[in-house]
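Report on one structure; see the data block that follows.
Bear in mind these aren't lab numbers, they're just calculated from the coordinates by the rules spelled out. Given the structure is predicted, the values throughout are model-derived calculations rather than measurements. Here Cβ is always computed from backbone atoms with ideal geometry, including for glycine, and neighbour counts include all displayed protein chains.
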Amino acid sequence: MNNFGFCIDCGKVIEIKTRSHCNHCYFMYRETFQQIKLYLKKHPNANAIDIANHTNVKVEQVMQFIRDGVFQVRP
Ligand SMILES: [Zn+2]
């Protein structure tokens with residue numbers, strides 16, 4: 001009975017614990033990831049504030065990605 005978990009974003013129960021997001025949040029996560037990645041490609045020296053100002057991503061979300069080690073961004 002350990003085949004379920006909780007979405008780390010919205011807390012919804014996920015039936016099979018293969019990822020940390022539910023389908024909806026995973027989709028949003030991917031979208032956000034792509035936006036930041038694209039921005040950093042054009043502006044490699046951008047910081048979290050720059051990214052948030054030029055994408056639809058909130059600063060807290062950008063910081064979360066950085067904390068997770070997904071992106072290497074200057075402080
Ligand atoms: Zn979710």
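Overview of values
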quantity	calculated
Two-site label geometry, M28 and N3: point separation in nm, points 7 Å out along Cα→Cβ	2.8
Cβ-Cβ FRET estimate between C10 and M63, R0 fixed at 25 Å, reported to 0.05	0.85
Per-selection metrics, the chain (Cα): Rg and Dmax in Å	14.1, 47
Low-density loop positions, GluC sites (Glu not before Pro), region 1-68 - DSSP coil, at most 15 other Cβ in 10 Å	E15
Linear extension gain, H43 paired with V70, 0.36 nm per residue minus alpha-carbon span	8.1 nm
Per-residue [θ]222 nm for the chain (sum of -39500 (n - 2.57) over DSSP H runs n ≥ 4, rounded to 500)	-15000 deg cm²/dmol
Two-site FRET efficiency, D50 against R19, from Cβ-Cβ distance with R₀ of 25 Å, rounded to 0.05	0.30
Nearest 10 degrees, 0 to 90: helix 23-42 Cα axis against the chain principal axis	20
Sparsely packed chymotrypsin sites (Phe, Trp or Tyr not before Pro) within the chain, loop by DSSP, other Cβ within 10 Å at most 13	F4
